[in-house]
């Protein structure tokens, strides 16, 4: 019998259990990628599929005609937020907010991966049944013959919220039977939107992992059901990774081209890891050492930090580290990092910083007061990133190691705002009130 279980380095476990926010630097950053991380063809295929799907998305969702059917968000200057948090652009670089909370239809970063996987599965089925040609315009998927085919098939997913919204909305719009398995504590407004869009919501006791396991088991029992597995899906992963190209273009449009003298630091909220991991892979493929990616995780749910810090391929959950996975950031309440993503992040991710729930509300309110932008709590996780890099001992040591401390004024900081576009106005008001109560 093997009694081995992975463990954390001395001192880190107690730091995590204290629930005091910290910045962890990845000691394996810059090592060789595993062979399984090649992925460039998959990223290009995802970008191509999105391009071929523009007319289809406009047909399914007429409001997308305004953006030409593109799943893309603005890169917003965040000078007011930067000043409000005491950062000086002449000394500390320039801040931007990557506004994925504005992504059409789904209102979150999950539209990138979720829409892509549903489109890929729908296209494969249509090709298999002679209703579409490989590489063709996906508008064919909106025809009555395709909808009749999809009505006999199910697309299922296990989700705490935003992925379920993107999968459920897209699958139902194409005519699939859409089933979203959610933990019982997932937000009621998300469940309501799904039901209004025609998806079936199945609630489960327990956490995110329990909802995923139950959803997978039910789907596996039906030969006409397709399960979107957030923990190990390459199609989700490549859908997220395709975002990198447009971000690079936007940086050039803002006269901030990445280079050795003008590096880019990107701060990404992390749940299971698919969305931030895919974006990290895409950016590192394009920009190499000129981009530095950091994940933001709740103090109670730092699953990627725990997995990477264990230094092992064996899975390690936040429960193994003595944490309870209880956080108001429902999309980030994940106990175990993706086994697909974590080995890739082993060499690509610069580090992880943790954030308390109280700080999420304060940051959320800060974005509203400074920029007039409404986001959800989990989307506010990355806002502390520049402060960690520029003001903490660990952050300054990272900058020094990479020869960037004397170039800190040239850094472009990109804070990825991951969701909140569909959040009810009453919830936004409640979150801001909570921030005010906290002082």
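The values are calculated or read from the model by the stated rules, or taken from the named source; none is laboratory data. Quick caveat: nothing in here was measured; it's all calculated off a predicted structure. So basically every Cβ, Gly included, is an ideal-geometry build from the backbone, and we count neighbours across all protein chains shown.
It is to be established whether one or more residues within the stretch 180-198 are assigned to a strand (DSSP E or B), buried (at least 17 other Cβ atoms within 10 Å of the Cβ), touching a helix residue (DSSP H, G or I) at 6+ places or on another chain (Cβ under 8 Å) and modelled with pLDDT of 90 or more. Yes, the stretch 180-198 contains at least one residue that is assigned to a strand (DSSP E or B), buried (at least 17 other Cβ atoms within 10 Å of the Cβ), touching a helix residue (DSSP H, G or I) at 6+ places or on another chain (Cβ under 8 Å) and modelled with pLDDT of 90 or more. Filtering the stretch 241-255 to residues that are surrounded by fewer than 20 Cβ atoms within 10 Å (Cβ to Cβ) and closer than 25 Å to residue 275 by Cβ leaves 245, 246, 248, 249, 250, 252, 253, 254.
Each residue in the stretch 285-304 was checked for being in contact with a helix residue (DSSP H, G or I) (Cβ under 8 Å, 6 or more places away or on another chain), assigned to a helix (DSSP H, G or I) and buried (at least 24 other Cβ atoms within 10 Å of the Cβ), and 1 of them qualify. Of all residues in the stretch 86-108, those being outside any strand (DSSP E or B) and under 21 Å from residue 407 (Cβ atoms) number 8. Looking across the stretch 109-137, the residues that are assigned to a helix (DSSP H, G or I) and closer than 30 Å to residue 377 by Cβ come down to 110, 111, 112, 113, 114, 115, 116, 117, 118, 119. Criterion applied to 164, 215, 175, 158 was being more than 21 Å from residue 301 (Cα to Cα), modelled with pLDDT under 95 and surrounded by 15 or more Cβ atoms within 10 Å (Cβ to Cβ), and the one residue passing it is 215.
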